[in-house]
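Step one of this worksheet: look at the structure below.
The values are calculated or read from the model by the stated rules, or taken from the named source; none is laboratory data. It should be emphasised that the depicted structure is a prediction, and the values quoted were computed from it without experimental measurement. Every residue, glycine among them, receives a Cβ derived from its backbone with ideal geometry; neighbour counts consider all protein chains shown.
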Amino acid sequence: MSKRIIVLSEDIANKIAAGEVVERPASIVKELLENAIDAGATDIRVVLEKGGTQSIRVTDNGSGIDHDDVPLVFERHATSKIHQFEDIFNVVSFGFRGEAMPSIASVARVEMLTRRNNDVSGTRAILDGGVIRSMDPAGTPEGTQVSVSGIFAHVPARRKFLKTEATEQGACLDVITRLALAHPEIRFKVEANGKEIFAAPEVHDTAKRIAMVMGGEFSAHCMAVDAQQDAMTLKGFISRPEYSKSNSKSIYLFVNKRFIRDTSLTHAVLSAYRQIIESRRYPAATLFLEVPPEDVDVNVHPAKMEVRFKNAHGVYELVSKTIAHHLSRAETSRGHYLYRLAPAEKKDYFYRQPFVNEPSPSMPSRPADRSHAQQGIQNILLHRSQVSQPPAASEGDAGVPDKTILFGDMRYVGQYDGTYLLFEGPDSLILLDQHAAHERII
């Protein structure tokens, strides 16, 4: 094989570049929906066949595309969003790179129907493998309809990486859900295999759209947050302490209405809940951060789901402190306040240098786990049930307080159920709630 450097053909280069933008059917849905929103659409309909692996159709009532501009839609780096490099730092639209439609057309068959408001007729264009096969006048409603079929037909190696129809459909719905949360003024409707699976009517209140999308349970256990710091504002809804999830998928973060994945901001949310929900449990939140366009860089990756902030520390502090402040005033369903921002009052504790006890015959000497701890508890209780009971307390002792417990005189046994610490003394077994003890200390 020749080792000489060659220039790849445009077809190969487009297919390689498409891999960054079009990873799966959900990527296509995302790009088409964002184009519709940028076009000013107020009604968007999505039709999926076999979870989007067979075909995808997105119809909107946006501004449409001029007949002469249709070929340019599928030219790489052709865009109406920016005109010079400096515009990137002030971009307010979803798209601006001019890569989405060429990438989709290079790996699938695309049919576009579009008409502007004042045009007598629209345009119908068909592309296959990134090449325009036909472009003719056609009657069509105002707006744009894009149908994508034969997904990855021109890159068969990519098809084997697709998941099941249900998984791919779920990924498509995740994309639609995020955009529906950020745009309550737009009507969304989704059909899959001839059945309606998602509908979000137009509303003028973000809270109503969040209730539609997130469900009534979240709405019943959430609170609004609202804060401002310099030129940044944070609004949204967060779950109350008693409402939690098994994963972090219910945390939705938006920057200037653009859904993002940011480990730092996710950590800011979780840190505010650290002291009030159980370990391995996660809150639910929908947060909208508004930042001046010049203070955030969205040109990090072609998928535009990663951003960089000019003042990353300030953004982190705004999110973390705002959530912590609102949680500090939150009541649970039982009317109790669970969160404390100020440290607890310091108390004088007696401390004695611990000494090592000899291993107890009733407790295992090997590293303790839950099964060992349970067996140890049973052995100790069985052993102590055979010991004579102490004499009953006299009436004069009724008001005498309990003696101080000195953990230095006890032997640490292990942890039970991931919550309690077990200590064995000469005549007692102590179970200490480590989470409650931690709150007392801080």
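If only one of 297, 230 is in contact (Cβ under 8 Å) with a residue 40 or more places away in the chain, surrounded by 14 or more Cβ atoms within 10 Å (Cβ to Cβ) and among the acidic types (Asp, Glu), which one is it?
One residue alone meets the criteria, 297.
Tell me which residues, restricted to region 279-294, are at pLDDT 90 or above and not hydroxyl-bearing (Ser, Thr, Tyr).
Matches in region 279-294: 281, 283, 284, 285, 287, 288, 289, 290, 291, 292.
Would you confirm, using the coordinates I've provided, whether residue 89 is at pLDDT below 85 and within 14 Å of residue 32 (Cα to Cα)? Walk me through how you get there before you give the answer.
Values: at pLDDT below 85: yes; within 14 Å of residue 32 (Cα to Cα): no.
So residue 89 does not fit the description; no.
Could you please give the count of residues in region 218-233 that are over 18 Å from the mean Cα position of the chain (by Cα) and in a helix (DSSP H, G or I)?
1
If I go through region 407-433 residue by residue, how many of them are modelled with pLDDT of 75 or more, more than 20 Å from residue 276 (Cα to Cα) and exposed (fewer than 13 other Cβ atoms within 10 Å of the Cβ)?
Count: 3.
Within region 241-253, can you find the residues that are at pLDDT 90 or above and surrounded by 18 or more Cβ atoms within 10 Å (Cβ to Cβ)?
Listed by number, the residues that qualify are 243, 244, 250, 251, 252, 253.
Check region 265-285 and report whether any residue there is in contact (Cβ under 8 Å) with a residue 12 or more places away in the chain, closer than 24 Å to residue 28 by Cα and under 18 Å from the mean Cα position of the chain (by Cα).
Looking through region 265-285, none of the residues is in contact (Cβ under 8 Å) with a residue 12 or more places away in the chain, closer than 24 Å to residue 28 by Cα and under 18 Å from the mean Cα position of the chain (by Cα).
Report yes if residue 289 is in the same structural domain as residue 225 (by TED's automatic domain parsing), under 13 Å from the mean Cα position of the chain (by Cα) and within 19 Å of residue 210 (Cα to Cα), otherwise no.
For residue 289, the condition - in the same structural domain as residue 225 (by TED's automatic domain parsing), under 13 Å from the mean Cα position of the chain (by Cα) and within 19 Å of residue 210 (Cα to Cα) - is not met.
Here are some residues: 153, 180, 166. Which one is assigned by TED's automatic domain parsing to the domain that holds residue 129, among the small types (Gly, Ala, Ser) and closer than 15 Å to residue 259 by Cβ?
Details: 153 fails: closer than 15 Å to residue 259 by Cβ; 166 fails: closer than 15 Å to residue 259 by Cβ.
When all the criteria are applied, what remains is 180.
Restricting attention to region 129-144, does a residue exist that is in a loop (DSSP other than H, G, I, E, B), exposed (fewer than 15 other Cβ atoms within 10 Å of the Cβ) and without any contact (Cβ under 8 Å) to a residue 40 or more places away in the chain?
Yes: region 129-144 contains one or more residues that are in a loop (DSSP other than H, G, I, E, B), exposed (fewer than 15 other Cβ atoms within 10 Å of the Cβ) and without any contact (Cβ under 8 Å) to a residue 40 or more places away in the chain.
In region 145-158, is there at least one residue being free of Cβ contacts under 8 Å to residues at least 40 places away in the same chain and within 30 Å of residue 10 (Cα to Cα)? Quick ask: steps written out before the conclusion?
Going through region 145-158, the residues free of Cβ contacts under 8 Å to residues at least 40 places away in the same chain turn out to be 156-157.
Imposing the further condition that a residue be within 30 Å of residue 10 (Cα to Cα) reduces the set to 156-157.
So far as region 145-158 goes, yes, one or more of its residues are free of Cβ contacts under 8 Å to residues at least 40 places away in the same chain and within 30 Å of residue 10 (Cα to Cα).
Looking at residue 259, is it modelled with pLDDT of 95 or more and closer than 17 Å to residue 209 by Cβ? It would help to see each step written out before you state the result.
Details: modelled with pLDDT of 95 or more: no; closer than 17 Å to residue 209 by Cβ: yes.
Here the answer is no, as residue 259 does not meet what is asked.
From 46, 70, 7, which residue is modelled with pLDDT of 95 or more and either assigned by TED's automatic domain parsing to the domain that holds residue 170 or not basic (Lys, Arg) (or both)? Explain how you work it out, then say what you get.
Details: 70 fails: modelled with pLDDT of 95 or more; 7 fails: modelled with pLDDT of 95 or more.
Just a single option satisfies the conditions, and that option is 46.
Given the conditions (1) surrounded by fewer than 18 Cβ atoms within 10 Å (Cβ to Cβ); (2) at negative phi; (3) at pLDDT below 90; (4) outside any helix (DSSP H, G or I), and given that residue 95 satisfies all but one, which numbered condition is not satisfied?
(1)
What residue, among those in region 99-128 that are of a type outside the set (Ser, Thr, Tyr) and assigned to a loop (DSSP other than H, G, I, E, B), is farthest from residue 64 (Cα to Cα)? Quick ask: steps written out before the conclusion?
The first filter runs over region 99-128 and keeps only residues of a type outside the set (Ser, Thr, Tyr), leaving 99-102, 104-105, 107-113, 115-120, 122, 124-128.
Narrowing the set further to residues that are assigned to a loop (DSSP other than H, G, I, E, B) leaves 99, 108, 116-120.
Numbers: 99: 19, 108: 22, 116: 4, 117: 7, 118: 10, 119: 10, 120: 13 Å.
In this case the residue turns out to be 108.
Tell me, please, whether a residue that is at pLDDT below 90, assigned to a loop (DSSP other than H, G, I, E, B), more than 24 Å from the chain's Cα centre (by Cα) and not assigned by TED's automatic domain parsing to the domain that holds residue 254 can be found in region 29-39.
Checked against the condition, which is being at pLDDT below 90, assigned to a loop (DSSP other than H, G, I, E, B), more than 24 Å from the chain's Cα centre (by Cα) and not assigned by TED's automatic domain parsing to the domain that holds residue 254, region 29-39 yields no hits at all.
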